[in-house]
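The values are calculated or read from the model by the stated rules, or taken from the named source; none is laboratory data. No experiment lies behind these values; they were computed from the predicted model shown. FYI the Cβ positions are ideal-geometry reconstructions off the backbone, even for glycines, and counts take in every protein chain you see.
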Amino acid sequence: MLQSRGVSDLLAAEKKAQEIIEEARKRKNKRIKDAQNEAKHEIEQFKGERERRYKGLEQQQMGNRTQMTEESNKETQTQIAALKSQYDTNKQDLLQRIITLVCDIKPETHINARLE
Amino acid sequence: MGLSEADVTKQIQQMISFIQQEAAEKVEEIEAKAEEEFNIEKSRLVSQQRIKIIEYYDKKEKQIELQRKIQHSNLANASRLSVLKARDDYVQTLKEEARKQLSILAQERSKYTTILANLIAQGLFLLMEKDVTIRCRRNDVDLVKQLVPDTINRYKQELKQKEIQVNIDEKNFLPDDSAGGIELYAMGGKIKVSNTIEARLAMIFNQILPEIREKLFGVNQNRKYHD
C-alpha cells in the first residue's frame, strides 16, 4: 500500500513535470510568433517617421519652387529694364552713325579695271 | 525489507523534489531560449525591412533634390532666353528707326540728290556694262533723268571713254513706300545691282552689328579673343 502510494505520487509528479514543460514550450512558440507582430509594429513606426520626414522635405521644396520662380523673374525683369535704359542712352549716337555711313557713298572704279 | 517506512517516504520525497527541480530547470532553459529566439527573429525581420524602407526613402529624397536642380536650371535658361530675345528686339527696333529716318532724309532734296547721283555712279562702276537700265521710285524718275547725263560723263572720264547706254525703266518702279535709291539691271535683267537705301542700310547695319551690340549691351565679358 505504501509502495503504491509512493509510486502514484511519483507518477503524478512526473506527469506534472511534463505538463509544465509542455506549457513552457507552448509559451515559447507563442513568443516567437509574437516576434513577427512586434517587428511589424516597429517597422510601421519607422516607416511612419521616414514618411513624415519625406513629406516635410516635399513641402519645403514646394515652397522653394514658388520663391525660386519669383526671384528668377524679378532678376530677368531687372536685366531687361537695364537694356531699355542702355538703348535710350545710346540710340541717337548709333542712329547718327548708321545714317552717316549709309549716306557716305564712294563710287570707285574697280582696281582691276583696264583703262584703254 | 531493509528500509523503514520513513526512509521510503523520504526517498520518494527526494525523487519527487528531483523531478520538480529538473522540470523547473528545463522550463527556465526553455524560457531563456524563447527570449533569445524572439529577439533574433524580431531583429532579423526589423533590419530586413528597415533596409528596404531606407533605400526607398533615400531614393525619393534624391528625386526631390533632382527636381530642385532641374527647376533651377530651367529657370536660368528661360531667363537667359528672355534677355536675349529682348536684346534682339532692341536691335531690330534700332534698324527700323534708322529706316524711318532715312525715309525722311529722302525728302531733303539737296541731300537726296547727292546721294542718288553717287548711287547711280557707284552702280555703273560696279556693272561696267554697255547697256544699263535703272529702276527707281515713281517720284524719283525726273530726278534720275536729270542726274544720268552727268553720271555718264563721270563714268566715261574715269574709265577713259568706255561706251555706255543708260535707260530708265518707266514701266516698273520701286515701291512708293521704300526709302529711295535705285536698282540697276544689265544683260536684259540677268545682272542686278541693288543700290537702294534699304539695301545699303541692311548691308551697313550688319557690318557694324558688333559695334552696335557693344554700345547697347556693353563689352562681352565672355569673349576671349578680340583680334
**Prompt:** Would you say B:VAL91 is assigned to a helix (DSSP H, G or I), at the interface with chain A (Cβ under 7 Å from one of its Cβ atoms), of a type in the set (Val, Ile, Thr) and touching a Leu at 6+ places or on another chain (Cβ under 9 Å)?
**Reply:** no
**Request:** Scan region B:46-53 and give yes if some residue there is surrounded by fewer than 14 Cβ atoms within 10 Å (Cβ to Cβ), within 22 Å of A:GLY56 (Cα to Cα) and within 8 Å of another protein chain (Cβ to nearest Cβ), otherwise no.
**Result:** no
**Selection from region B:169-227 of residues that are surrounded by 12 or more Cβ atoms within 10 Å (Cβ to Cβ) and either touching a His at 6+ places or on another chain (Cβ under 9 Å) or among the small types (Gly, Ala, Ser) (or both)** = B:SER178, B:ALA179, B:GLY180, B:GLY181, B:ALA186, B:SER194, B:ALA199, B:ALA202
**Message:** Contact list please: Cβ distance under 6 Å, first residue in region A:54-81 and of a type in the set (Phe, Trp, Tyr), second residue part of a helix (DSSP H, G or I) and surrounded by 11 or more Cβ atoms within 10 Å (Cβ to Cβ), pairs at least six apart or on different chains.
**Reply:** A:TYR54/B:TYR57; A:TYR54/B:LYS60
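Here's the yes/no breakdown for (1) within 14 Å of chain A (Cβ to nearest Cβ); (2) under 21 Å from A:ILE111 (Cβ atoms):
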| position | (1), (2) |
| --- | --- |
| B:THR113 | yes, no |
| B:LEU143 | no, no |
| B:ARG154 | yes, yes |
| B:GLY180 | yes, no |
| B:TYR185 | no, no |
| B:ALA199 | yes, no |
| B:ILE212 | yes, no |
**Asked** What about B:ASP142, is it at pLDDT 90 or above and at negative phi?
**Response** yes
**Fill in**
Exactly one of A:ARG25, A:ARG114, A:ARG52 is facing another protein chain (nearest Cβ under 7 Å) and either farther than 30 Å from B:ARG87 by Cβ or of a type in the set (D, E, K, R) (or both), and that residue is A:ARG25
**Message:** Suppose we filter B:ALA98, B:ALA121, B:ALA117 for residues that are in contact (Cβ under 8 Å) with a residue 40 or more places away in the chain, surrounded by 14 or more Cβ atoms within 10 Å (Cβ to Cβ) and small (Gly, Ala, Ser); which single one remains?
**Reply:** B:ALA98
**Request:** Go through region B:124-139 and give me each residue that's assigned to a helix (DSSP H, G or I) and surrounded by fewer than 21 Cβ atoms within 10 Å (Cβ to Cβ).
**Result:** B:PHE125, B:LEU126, B:LEU127, B:ARG138, B:ASN139
**Asked** Is at least one residue of region A:67-75 within 30 Å of B:TYR56 (Cα to Cα), facing chain B (nearest Cβ under 7 Å) and assigned to a helix (DSSP H, G or I)?
**Response** yes
**Asked** Quick one: what pairs do we get from region B:56-73, first residue loosely packed, with under 13 Cβ neighbours inside 10 Å, second at pLDDT below 95, C-beta under 8 Å, 6+ apart or different chains?
**Response** none
**Request:** Among the residues of region A:35-49, write down those that are of a type in the set (A, V, I, L, M, F, W, C) and either more than 7 Å from every other protein chain (Cβ to nearest Cβ) or within 21 Å of the chain's Cα centre (by Cα) (or both).
**Result:** A:PHE46
**Item:** Residue that is farthest from the chain's Cα centre (by Cα) [pool: residues in region B:179-199 that are part of a helix (DSSP H, G or I) and in contact (Cβ under 8 Å) with a residue 24 or more places away in the chain]
**Value:** B:ILE197
**Asked** Residues A:ALA17, A:ALA81: which one is within 7 Å of chain B (Cβ to nearest Cβ), farther than 30 Å from B:GLN67 by Cβ and of a type in the set (A, V, I, L, M)?
**Response** A:ALA17
